[in-house]
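Just so it is clear, none of the values below were taken in a lab; they were calculated from the coordinates. Fair warning: this is a prediction, and the values are worked out from it, not measured in the lab. With ideal geometry, Cβ positions are generated from the backbone for all residues, glycine too; neighbour counts draw on all protein chains shown.
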Amino acid sequence: MTPDEANPVLELDETVHQRIRLGILTVLAETPECTFTAVRDQLQLSDGNLSRHLRVLEEAGLVGIRKAYEGRKPCTWLTLTRDGRTALRRELTALEHLVTRLRATDPLSG
């Protein structure tokens, strides 16, 4: 890396990079649709905490939220939007660039 090259950390997206939101996006990337409770349980979050992060992701257009009923019971379904998939891909690429840069300059890496 030359000093003129931008540090890969500048490629990270503030909305996506937050630990819980990144977790939500990765869970949703693994399936076409997922319930609120499944995401909550997988990431070990409270309902309120998950709701707050979903609101941020929905406002950014990265997650779709659909409310429906299973029998008489309300259920919330979550999906990763096309923009969400693109944002997740970009975030992972930025992280890969960061790891590559660190490995290239770390004398202990092997």
Residue that is farthest from residue 16 (Cα to Cα) [pool: residues in region 47-94 that are touching a residue at least 60 places away in the same chain (Cβ under 8 Å) and not small (Gly, Ala, Ser)]:
93
Taking region 41-72 and keeping only residues that are of a type in the set (Ser, Thr, Tyr), in a loop (DSSP other than H, G, I, E, B) and surrounded by 10 or more Cβ atoms within 10 Å (Cβ to Cβ), one is left with none
Conditions: (1) part of a loop (DSSP other than H, G, I, E, B); (2) exposed (fewer than 12 other Cβ atoms within 10 Å of the Cβ). Residue 103 meets all but one. Number of the miss?
(1)
Among the residues of region 15-40, how many are surrounded by fewer than 16 Cβ atoms within 10 Å (Cβ to Cβ), under 20 Å from residue 82 (Cβ atoms) and charged (D, E, K, R)?
2
